[in-house]
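Working notes, beginning with the structure itself.
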Amino acid sequence: LHNDKITINIVDRNRKTHTVQANVDDTILDVVIDNQLDFESYGVCEGTVACSTCHVIFNQEVYDTLEEPLMDEMDMLDLACGLTETSRLGCQVHITKEMEGMTVKLPEEITDARDL
Ligand code: FES
């Protein structure tokens, strides 16, 4: 598998853009880890849907192509800081070919739901 790679842009909390390679079917969290992007506290629960620190904001066009979030993702998103209409958890969203060239943003602030 993993032969298909696309390029995406991730805007970090300091508004710096990182252009990285992403394997189709990996999660956004996997992409952050694989590219050794040093986003403080990003994905601290390692994708177990317990922290909401992996919150990312999509543009509307890409957001509309995503599968609906499951209940546990929705519950965790409710606790995320700076929630938007196009917010998702990076550990739950998988890369698709349609995402080629997209830009996702990290919110300016994060909350670790485990601290609430
Ligand atoms: Fe914790 Fe996604 S990594 S909810």
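A few remarks follow.
- Take the conditions (1) within 15 Å of the ligand (Cβ to nearest atom); (2) aliphatic (A, V, I, L, M); (3) surrounded by 12 or more Cβ atoms within 10 Å (Cβ to Cβ); (4) without any contact (Cβ under 8 Å) to a residue 24 or more places away in the chain; M71 misses just one of them, which is (3).
- Residue that is modelled with the highest pLDDT, among those in segment 84-116 that are under 15 Å from the mean Cα position of the chain (by Cα) and farther than 30 Å from K5 by Cβ: D112
- In this structure, H2 does satisfy being at pLDDT below 95, more than 24 Å from D115 (Cβ to Cβ) and either of a type outside the set (G, A, S) or within 12 Å of the ligand (Cβ to nearest atom) (or both).
- Evaluation of F58 against (1) within 13 Å of the chain's Cα centre (by Cα); (2) at pLDDT below 95 (one fails), failing number: (2)
- One residue from D34, D30, D64 being under 20 Å from I6 (Cβ atoms), acidic (D, E) and under 13 Å from the mean Cα position of the chain (by Cα): D30
The values are calculated or read from the model by the stated rules, or taken from the named source; none is laboratory data. Predicted model, so just to flag it, every value in this text is computed and none were measured. Cβ atoms come from the backbone with ideal geometry, glycine included; neighbour counts cover every protein chain shown.
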